[in-house]
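**Student:** Dumping the structure here so I can ask a few things about it.
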Amino acid sequence: MKMFADNEQVMRLQSQLANLRTDNIQAAQLARIELAWHLRQRDTAQALRLMQDVRSTPHSEPDARLEARMQLIEGEAKWLFAELDAAFTLADSALETFLRLHDSNGIADAHWLCAVIAIDQGRHVAGDAALEAAAACARAAGDTLRLDLIEAALARWAVFREPVAAIARWSQRFPQDGQELAPEVAAWVQDFRSLAAAQTSDFARAIEHGVAT
């Protein structure tokens, strides 16, 4: 699954789910989980309702890969509701499953969730390590979109703590024209550039990149 989807893609998933035959249990199960994944931040309550629909449908127990994806959705909901310990437990459990299944997308996404939870807990070293692990996984899998997104997040967090080192490491990593990047990547890159400019007292450029975010 993609890490994030735009509004058009979400609408397409909603339409596909609405048009599925009611007797096609496996297809409906997958469609609900994929839609829930992309609604996890847009409409968390609806994403959790879709998870409940999956769990309450008779004879539709998800396989291990889908169950781990559901744990990520539920874990992200816990994170958004500031239930950080419960969120990490779910993310870590999902990570173990994805590692066992050699699911590179799942591994990267689980590391990402572990990272943002750790950062919110103030464990920035652990957060950086999880993001680096996610980036290594995406790189090995040749998943350039996930890699760009994860490394943009690494740059954005790094510039808070060590601006000089972060600027030296990351300032040339991405194209200067943000339009060449996927929207989800461009948002993180522009945020990094805004923060980097602010750290060097270039406030006009910081505002320029902040508006572009």
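The values are calculated or read from the model by the stated rules, or taken from the named source; none is laboratory data. Everything quoted here is computed from the prediction, not taken from an experiment. Counting neighbours? That spans all protein chains shown, and the Cβs are built from the backbone with ideal geometry, glycine included. Side chains are part of the model used for accessible areas, which takes the heavy atoms of the whole protein and leaves out ligands, DNA and RNA. Shrake-Rupley method; radii C 1.70, N 1.55, O 1.52, S 1.80 Å.
**Student:** At a threshold of 8 angstrom on Cα-Cα distance, excluding pairs fewer than six apart, so keeping six or more, what relative contact order does the range 129-196 reach in percent?
**Tutor:** Values: 54 pairs, mean separation 23.7, N = 68.
Once normalised by length, the contact order is 35 percent.
**Student:** Within 10 Å of each candidate Cβ there may be at most 16 other Cβ atoms; applying that plus a DSSP loop requirement, which chymotrypsin sites (Phe, Trp or Tyr not before Pro) in the range 9-98 survive?
**Tutor:** Filter output for the range 9-98: Phe81.
**Student:** Ignoring ligands, DNA and RNA, how do Met3, Met11 rank by accessible area with a 1.4 Å probe, largest first?
**Tutor:** Listed by decreasing accessible area, they come as Met11, Met3.
**Student:** Quick one: accessible area per residue over the range 88-128, 1.4 Å probe, rounded to a whole number of Å²? List each step's numbers first, then the result.
**Tutor:** Values: 1700 Å² over 41 residues.
Result: 41 Å² of accessible area for each residue.
**Student:** Right, next: So if we plug the beta-carbon distance of Ser60 and Gln14 into 1/(1 + (r/R0)^6) with R0 = 22 Å, what FRET efficiency do we get, rounded to 0.05? Can you show the working numbers first?
**Tutor:** Working: r = 20 Å, r/R0 = 0.89.
For Ser60 and Gln14, the calculated efficiency is 0.65.
**Student:** To the nearest µm²/s, what D does Stokes-Einstein give for the range 19-84 at 4 °C and 1.567 mPa s, using the Kirkwood radius over alpha carbon pairs as Rh?
**Tutor:** 108 µm²/s
**Student:** If one takes the longest principal axis of the Cα atoms in the chain, at what angle in degrees, from 0 to 90 and to the nearest 10, does the Cα axis of helix 44-56 lie?
**Tutor:** 30 degrees
**Student:** Quickly work out the Leu99-to-Asp6 label distance, labels modelled 7 Å from Cα along the C-beta direction, and quote it in nm with one decimal.
**Tutor:** 3.6 nm
**Student:** Let me ask another. Averaging over all projection directions, find the projected area of the Cα convex hull of the chain and quote it in nm² with one decimal place. Provide the component values of the computation, followed by the final result.
**Tutor:** Working: hull surface 49.4 nm².
The directionally averaged projection comes out at 12.3 nm².
**Student:** Net charge within 10 Å of Glu61 by Cβ-Cβ distance, Lys/Arg positive one each and Asp/Glu negative one each, not counting Glu61 itself?
**Tutor:** Once all neighbours under 10 Å are counted, the net charge is -1.
**Student:** Just grab the label-to-label distance for Ala204 and Glu132, each label 7 Å out from Cα along the Cβ direction, in nm (one decimal).
**Tutor:** If labels sit at Ala204 and Glu132, their model points lie 3.8 nm apart.
**Student:** For the range 83-95, in order, what is each residue's ³J(HN,Hα) by Karplus, 6.51 cos²θ - 1.76 cosθ + 1.60 with θ = phi - 60°, in whole Hz (x at glycine and Pro)?
**Tutor:** Using θ = phi - 60°, the values come out as 9, 5, 5, 5, 4, 5, 4, 5, 5, 5, 5, 4, 4 Hz.
**Student:** With the alpha-carbon atoms as the only input, what is the per residue convex hull volume for the range 63-106 in Å³? Walk me through the numbers before you get to the answer.
**Tutor:** On the way: hull volume 2.2 nm³, N = 44.
Taking only Cα atoms, the range 63-106 has a hull volume of 50 Å³ per residue.
**Student:** Oh, and also: For the range 1-114, which semi-axes, largest first and in whole Å, follow from the square roots of 5 times the eigenvalues of its Cα gyration tensor?
**Tutor:** Values for the range 1-114, descending: 22, 16, 13 Å.
**Student:** In addition: If I fit a long axis through the Cα atoms of helix 7-18 and take the longest principal axis of the Cα atoms of the chain, what angle between them do I get, 0 to 90°, rounded to 10?
**Tutor:** Once rounded, one gets 10 degrees.
**Student:** Go ahead and set up a Gaussian network model of the chain, Cα springs under 10 Å, then flag whichever of Thr144, Thr57, Thr44 fluctuates most.
**Tutor:** Thr57
**Student:** Mind putting together the pair-distance distribution for the range 118-161? All Cα pairs, 10 Å bins, whole percent per bin, short to long.
**Tutor:** The percentages, shortest bin first, are 31, 52, 17, 0.
**Student:** Could I ask something else about it? Through the Karplus equation 6.51 cos²θ - 1.76 cosθ + 1.60, θ set to phi - 60°, convert the phi angles of the range 164-170 into ³J(HN,Hα) values in whole Hz; use x for Gly and Pro.
**Tutor:** After applying 6.51 cos²θ - 1.76 cosθ + 1.60, I find 5, 5, 5, 5, 5, 6, 10 Hz.
**Student:** What do you get for the angle between helix 104-120 and the principal long axis of the chain? Use alpha-carbon atoms, 0 to 90 degrees, nearest ten.
**Tutor:** 60 degrees
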